[in-house]
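Here the structure comes first, spelled out in structure tokens, and everything after it is commentary.
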């Protein structure tokens, strides 16, 4: 059988892969809380309070030197909006709750001081 110019083999159009309607970010935003202490000793005191079962927001209100928001709540943050070591630690943490927080131990050191970080949500 001879294939003519109208045969399907010669007129196949290669279609590009369909684009997703709303591209999903590779790294979804995180809802982050932290306790920031300039001195390592103070961060370790805060860590002891957390380990004894005190709520993260209470320890943050008592110990954190970042007074931007009460309870250490930084809101929703995206990759690129945090300093390097803080960002790496935050994105490595699982989502946890105020009652059973999973936080960075030991605290993460940045140019701002020592952070105890927890992640409350992931979009």
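Computed from the coordinates by the stated procedures, all read-outs in this text should not be read as laboratory data. From a predicted model like this one, the values you see are computed outputs, not experimental measurements. Note that we place each Cβ from the backbone using ideal geometry, even for glycine, and neighbour counts take in every protein chain shown.
Numbers at a glance
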item: Extension gain from residue 39 to residue 66, taking 0.36 nm per residue of separation minus the Cα-Cα distance; result: 8.4 nm
item: Shape of the range 71-123, Cα gyration tensor, a/c cut at 1.5; result: oblate
item: Calculated FRET efficiency for the pair residue 26/residue 98, C-beta based, R₀ 22 Å, to 0.05; result: 0.20
item: Those residues of the range 22-61 whose amide nitrogen sits under 13 Å from the label point placed on residue 76, 7 Å along Cα→Cβ; result: 25, 28-32
item: Per-residue Cβ neighbour rank within 10 angstrom, fewest leading, 48, 65; result: 48, 65
